[in-house]
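Here is the structure we will look at, set down as structure tokens.
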Amino acid sequence: MGGCFSDVSGGKAAVGGGGGGGHNLPHHRGPSSNFATSSSTTETDDAVDFFYRSKGLQPLYTRIELSLSASKLRDLDIMSKSDPMAVVYAQKRDGILEEVGRTEVIMNNLNPMWIQKINVEFHFEILQPLVFRVYDVDTKYHNLSTKMLDLKDQDYVGEANCVLSEIMTLRSRSMTLKLHGRNGHDVGNLGSITVHAEETVASKMAIEMKLRCSDLDNKDRFSKSDPFLRISRIVEAGSPIPICKTEVVNNNLDPVWKPLCITMQQYVSKENPLVIECFDFNSNGNHTFMGKLQTSIQDMENLYKANVGANFVFPSSRQKGHEKVLKGKLFVDRYEEKELYSFLDYISSGFELNFMVAVDFTASNGDPRSPDSLHYIDHSGRLNAYQQAIMEVGEVIQVYDYDKCFPAWGFGGKLYNGSVSHCFNLNGNDGSFEVEGVQGIMAAYRNALHTVTLHGPTLFGQVVNQAAEIAAQSLSMNSNKYFVLLIITDGVLTDLQETKDALVRVSDLPLSVLIVGVGNADFKQMEILDADTGPRLESSTGRIATRDIVQFVPMRDVQRGGRSMVQSLLEELPGQFLTYMRSRDIKPLGINPPSAPFPPVPLMA
């Protein structure tokens with residue numbers, strides 16, 4: 001999952017409207033929690049609904065989406081304006097705050113309108129206190145995903161609080177709250193935050209459109225403008241609610257943007273009025289307004305069918321309420337209505353997640369006989385880091401794997417015949433790499449520590465290619481399988497470029513790669529493979545990965561943060577799964593299945 005920075009120069013990418021771009025697994029609620037939260041996608045909601053329906057019950061909550069904006073924030077920066085981000089918390093019965101979600105960061109802006117929404121579940125029968133905190137994000141963290149930000153490193157601007165039912169009982173469903181200091185202290189004018197709540201729409205319909213403009217007015221003196229579009233939904237009361245924005249197209253007055261996917265949750269109905277604003281991007285955050293257009297999804301469809309453009313308008317500086325019609329036009333080059341099936345739709349229809357694991361047998365792990373070794377087997381039953389990763393991830397994934405037969409490999413070890421292998425069968429059986437169940441992996445791992453000598457170097461390429469070969473064979477048979485390779489490692493890669501090449505080659509396959517880093521090594525290379533905070537992986541031949549298939553989690557950081565390793569490791573998996581299915585237009589079983597198998601993907605392409 002990449003960051004959600006809306007206005008940083010390294011993140012001039014689109015925000016919102018991605019049609020399912022960050023897909024989190026459910027956050028498990030403890031029995032003491034009085035506040036249900038959900039991720040920004042439908043997976044959690046679908047899973048909860050499925051549970052209730054299986055018990056013959058109806059859900060006892062209403063799904064709510066919160067939109068946030070702020071005004072007249074106190075400026076904490078000296079040379080520029082603050083870069084604000086809002087964080088929403090639920091206050092539990094014991095007073096402890098539980099984070100619900102974060103907005104994107106908006107650069108140099110004291111009146112931000114955040115696009116990232118926060119999803120909660122409204123229970124009318126209980127009080128659900130909310131706390132909204134605003135932070136000024138330090139410049140040196142602007143290339144990090146918001147989920148990775150340590151809030152202690154950011155400047156605290158102020159906070160406000162209310163009860164969710166207070167918002168829900170207002171006709172406008174909007175409430176403006178004055179920001180104050182911690183614990184309610186009044187420390188002067190810190191600005192205000194406005195919260196708008198809307199009930200989510202129970203529909204999976206979405207519209208995919210490709211937009212372009214022509215003849216935009218140039219707002220730059222020495223070059224051409226860098227335009228982007230912001231699309232907002234007009235509501236009956238209050239300001240328009242931003243729902244998405246395009247990426248920035250540099251130095252172009254006839255820009256063509258990447259396709260946008262806008263869900264029915266965002267546009268509500270095809271007749272609901274929308275406003276599309278065009279801006280010239282400026283790195284200082286003061287984007288130059290280039291014109292606007294009031295429209296609707298229905299109007300956009302009509303533009304596409306008629307193959308005509310709609311003129312932008314600009315408010316008249318002479319006559320209030322009048323608008324000047326501009327030469328610049330907006331065109332809809334592609335319009336398609338589609339249904340966005342959820343992760344659960346696929347899984348419940350019969351799709352499988354097939355688990356595979358690869359274990360690092362390099363010498364940097366330390367002698368397995370020593371208690372200091374990462375491979376030390378504690379006879380008291382305490383699991384080492386490798387065992388912990390296998391058990392925690394395997395127990396979750398195996399639920400989705402019908403036959404519970406898992407390929408398991410080791411790499412970087414010296415075998416009984418003296419050869420060093422970077423992809424050997426963990427069970428020691430030359431004829432088969434599969435073991436039965438998670439306990440089978442655990443047993444094969446323990447036995448391998450007695451028969452394999454730790455060696456090196458640390459190479460991932462062969463393991464990735466072996467997993468890819470299995471995924472490609474499955475694809476050629478039109479199998480309803482998606483593969484998940486878990487790599488557990490302690491060290492620095494020797495074949496970083498070769499691994500990047502392999503991952504780029506296999507990004508077209510039904511495969512995700514989860515990497516757990518154990519020990520205290522420098523894992524910067526793993527962050528490069530993860531590609532959450534940088535560019536998408538590129539091979540040595542210049543080919544760009546079709547999609548992000550890697551998630552890396554250092555176990556030490558998860559343990560310090562008190563967050564579940566499995567939650568951190570698997571939170572991107574549903575999104576990666578859906579990106580693959582949607583890119584190939586694969587639907588859940590029983591819904592217009594493809595008439596012929598997909599052709600195999602050549603691994604060496």
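Return the residue satisfying two criteria in turn: it lies in region 451-460 and is within 23 Å of Asp501 (Cβ to Cβ) and not hydrophobic (A, V, I, L, M, F, W, C), and of such residues it is surrounded by the most Cβ atoms within 10 Å (Cβ to Cβ). So the residue we want is Thr458. If the condition is being part of a strand (DSSP E or B) and either over 24 Å from the mean Cα position of the chain (by Cα) or surrounded by fewer than 23 Cβ atoms within 10 Å (Cβ to Cβ) (or both), then region 113-124 contributes Met113, Asn119, Glu121, Phe122. Of all the residues in region 480-537, those that are outside any loop (DSSP other than H, G, I, E, B) and either in contact with a helix residue (DSSP H, G or I) (Cβ under 6 Å, 6 or more places away or on another chain) or open to solvent by less than 10 Å² (accessible area, probe 1.4 Å) (or both) number 28. The condition of being out of contact with any helix residue (DSSP H, G or I) (no Cβ under 7 Å at 6 or more places or on another chain) and hydroxyl-bearing (Ser, Thr, Tyr) holds for only one of Thr200, Thr263, that being Thr263.
So, in region 62-87, exactly how many residues are surrounded by 21 or more Cβ atoms within 10 Å (Cβ to Cβ) and in a loop (DSSP other than H, G, I, E, B)? Total satisfying the criteria: 3.
Residue by residue, here is whether (1) touching a Gly at 6+ places or on another chain (Cβ under 7 Å); (2) in a loop (DSSP other than H, G, I, E, B); (3) open to solvent by 30 Å² or more (accessible area, probe 1.4 Å); (4) of a type in the set (Val, Ile, Thr) holds:
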residue	(1), (2), (3), (4)
Val438	yes, no, no, yes
Met442	no, no, no, no
Arg446	no, no, yes, no
Leu449	no, no, no, no
Gln462	no, no, yes, no
Gln466	no, no, yes, no
Glu469	no, no, yes, no
Asn478	no, yes, yes, no
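Cβ-Cβ contacts under 9 Å between residues 6 or more apart (or on different chains), taken from a first residue in region 338-366 that is closer than 30 Å to Met209 by Cα to a second residue that is small (Gly, Ala, Ser) and open to solvent by less than 20 Å² (accessible area, probe 1.4 Å), are listed as Lys338/Gly19; Lys338/Ala206; Glu339/Ala206; Leu340/Gly19; Leu340/Ala206; Phe343/Gly575. Take region 251-263 and flag every residue that is under 25 Å from the mean Cα position of the chain (by Cα) and either free of Cβ contacts under 8 Å to residues at least 40 places away in the same chain or open to solvent by 20 Å² or more (accessible area, probe 1.4 Å) (or both). Once the filter is applied, which keeps residues that are under 25 Å from the mean Cα position of the chain (by Cα) and either free of Cβ contacts under 8 Å to residues at least 40 places away in the same chain or open to solvent by 20 Å² or more (accessible area, probe 1.4 Å) (or both), region 251-263 yields Val256, Lys258, Pro259, Thr263.
Any idea which of Leu177, Leu190 is at pLDDT 85 or above and farther than 19 Å from Val100 by Cα?
Details: Leu177 fails: farther than 19 Å from Val100 by Cα.
Answer to the selection: Leu190.
The set of residues in region 303-316 being out of contact with any Lys or Arg (no Cβ under 9 Å at 6 or more places or on another chain) and open to solvent by 70 Å² or more (accessible area, probe 1.4 Å) consists of Lys305, Asn307. Suppose we filter region 88-106 for residues that are of a type outside the set (Lys, Arg) and either more than 26 Å from Ile231 (Cβ to Cβ) or open to solvent by 30 Å² or more (accessible area, probe 1.4 Å) (or both); how many remain? Residues that pass the stated criteria total 9. Whether a residue is open to solvent by 10 Å² or more (accessible area, probe 1.4 Å), without any contact (Cβ under 8 Å) to a residue 60 or more places away in the chain and outside any loop (DSSP other than H, G, I, E, B) was assessed, and Phe289 passes this test. Out of Leu110, Leu127, one residue alone is on the phi < 0 side of the Ramachandran plot, surrounded by fewer than 21 Cβ atoms within 10 Å (Cβ to Cβ), assigned to a loop (DSSP other than H, G, I, E, B) and in contact with a helix residue (DSSP H, G or I) (Cβ under 8 Å, 6 or more places away or on another chain). It is Leu127. When residues in region 156-175 are screened for being touching a residue at least 12 places away in the same chain (Cβ under 8 Å) and either open to solvent by 70 Å² or more (accessible area, probe 1.4 Å) or within 19 Å of the chain's Cα centre (by Cα) (or both), 3 of them pass.
Listed by first and then second residue, the pairs linking a residue in region 199-220 that is modelled with pLDDT of 90 or more to a residue that is among the polar types (S, T, N, Q) and open to solvent by 40 Å² or more (accessible area, probe 1.4 Å), with Cβ atoms under 8 Å apart and 6 or more places separating them unless they lie on different chains, are Lys219/Thr288.
If you go through region 195-232 one residue at a time, how many are open to solvent by 40 Å² or more (accessible area, probe 1.4 Å), part of a strand (DSSP E or B) and either of a type in the set (A, V, I, L, M, F, W, C) or farther than 30 Å from Lys324 by Cα (or both)? Residues that pass the stated criteria total 2.
The values are calculated or read from the model by the stated rules, or taken from the named source; none is laboratory data. From a predicted model like this one, the values you see are computed outputs, not experimental measurements. Note: ideal-geometry Cβ built from the backbone for every residue, glycine included; neighbour counts use all protein chains shown. Remember, those area values only see protein heavy atoms, side chains included, never the ligands or the DNA or RNA. Shrake-Rupley method; radii C 1.70, N 1.55, O 1.52, S 1.80 Å.
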